[in-house]
Amino acid sequence: LDARVGQGTFVSETPARAASDLPAPVNIDLSMNLPPQPVEANLDLRIAQGLATIRSEAGFSAYLGYTRPGGTADEREVGAAWLAPRVPNASAGRIVIYPGSQAIIFNALLALTSPGDVVLTEALTFPGIKAAAARLDVRLVGVAMDPGGARPAALAEACRKHKPKVVYLVPTQQNPTTATMSAARRKAVADIIRKRGCVLIEDDVYGPLEPQVAPIASLIPEHTYLA
């Protein structure tokens, strides 16, 4: 293939080109779905303004020491209010604040599984769950997907065959495929998990990008860790 800036990518007329004519290799990290930030977002300015607001309202000294594990009561109340439009049953008492979703995934697996247990994921899944599973000696089994995400029939069959304790899914902007489950499919998945008695770790990091579709956690809160 011959890539030309401003024109596109074309099939070369010759089967090969001299090494000196080839562009330098480019390494692209696909471990995270990180879309390029639009210039209009002006994130640097917004971060600076946010820090200035914190400094003027409360100062920085309160943030320089150890904080309460899992978040203070006030922080968890703010988290519950933020989640409420998408997860109506969210409450401060059911929220734990973590320093990132990777820590949530690791600790949830640590609490819910034992070495050798099976965890179901999408057939193509987030590298972070693979790293956590490898560290904890947990076996991941992929569930067949289509453009709408994990297929409910395949999930049901995998649950029957492997009897997993945990299912890990990214229903919105799935990493790495960017598939988003419909509301109907989320309900089908929720029904399967409830019937099988599994626990769902729902990675909802991109959920706010699709506010019209509620997370699976809103359907089966008693079976879900929402990250």
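The values are calculated or read from the model by the stated rules, or taken from the named source; none is laboratory data. Bear in mind that the values here come from a model prediction, so they are computed numbers and not experimental data. So basically every Cβ, Gly included, is an ideal-geometry build from the backbone, and we count neighbours across all protein chains shown. Quick note on the areas: whole protein, heavy atoms, side chains included, nothing else; ligands and nucleic acids left out. Shrake-Rupley method; radii C 1.70, N 1.55, O 1.52, S 1.80 Å.
Go through 174-185, 95-106 and give me the packing order, highest mean Cβ count within 10 Å leading.
174-185, 95-106
For the stretch 110-194, the square roots a ≥ b ≥ c of the C-alpha gyration tensor eigenvalues yield an a/c of 1.5 or more together with a/b not exceeding b/c, which makes the shape oblate. Cross-link partners of K195 among lysines, defined as those whose alpha carbon lies under 23 angstrom from its own and excluding same-chain residues fewer than eight positions apart: K161, K163, K165, K187.
Sorted on the mean count of surrounding Cβ atoms within 10 Å across their residues, most packed first, peptides 134-142, 218-226, 200-208 read 200-208, 218-226, 134-142. Of the residues A153, A41, A188, the one that moves most in a GNM of the chain with alpha-carbon contacts below 10 Å is A41. Of the residues V78, V119, V143, the one that moves most in a GNM of the chain with alpha-carbon contacts below 10 Å is V78.
Straightening the chain between K187 and V141 buys 14.4 nm, computed as 0.36 nm per residue apart minus the Cα-Cα spacing. Mean residue ellipticity, 222 nm, helices only, the chain: the sum of -39500 (n - 2.57) across DSSP H runs of n ≥ 4, divided by residue count and rounded to 500, is -10000 deg cm²/dmol. The figure for M32 is an accessible area of roughly 80 square angstrom, using a 1.4 Å probe on the protein chains alone. Working from Cα pairs under 8 Å separated by at least six residues, relative contact order for the chain is 16 percent. Protection proxy ranking of 51-59, 121-129, by the mean of other Cβ atoms within 10 Å over each peptide's residues and highest first, is 121-129, 51-59. Taking the Cα centre of the chain as reference, the dipole from Cβ charges on Lys and Arg (+1) and Asp and Glu (-1) amounts to some 900 debye. Within the stretch 178-219, find all residues whose amide N lies under 11 Å from a label point positioned 7 Å from the Cα of L124 along Cα-to-beta-carbon. 178-179, by backbone N distance to the label point. Counting only DSSP beta bridges with both residues in the chain, the antiparallel share comes to about 25 percent. Computed over the stretch 100-226, relative contact order equals 23 percent, with contacts defined as Cα pairs under 8 Å that lie 6+ residues apart. Electrostatic bookkeeping for L51 treats Lys and Arg as +1 and Asp and Glu as -1; over the other residues with beta carbon under 15 Å from its beta carbon, the sum is 0. Is the shape of the stretch 51-97 rounded, prolate or oblate, going by the alpha carbon gyration tensor and its root eigenvalues a ≥ b ≥ c, with a/c under 1.5 for rounded and a/b larger than b/c for prolate? In terms of gyration-tensor shape, oblate. Screening the chain for DSSP H helices whose Cα atoms reach 18 Å or more along their own axis and whose mean Kyte hydropathy is at least 0.0 gives 43-57.
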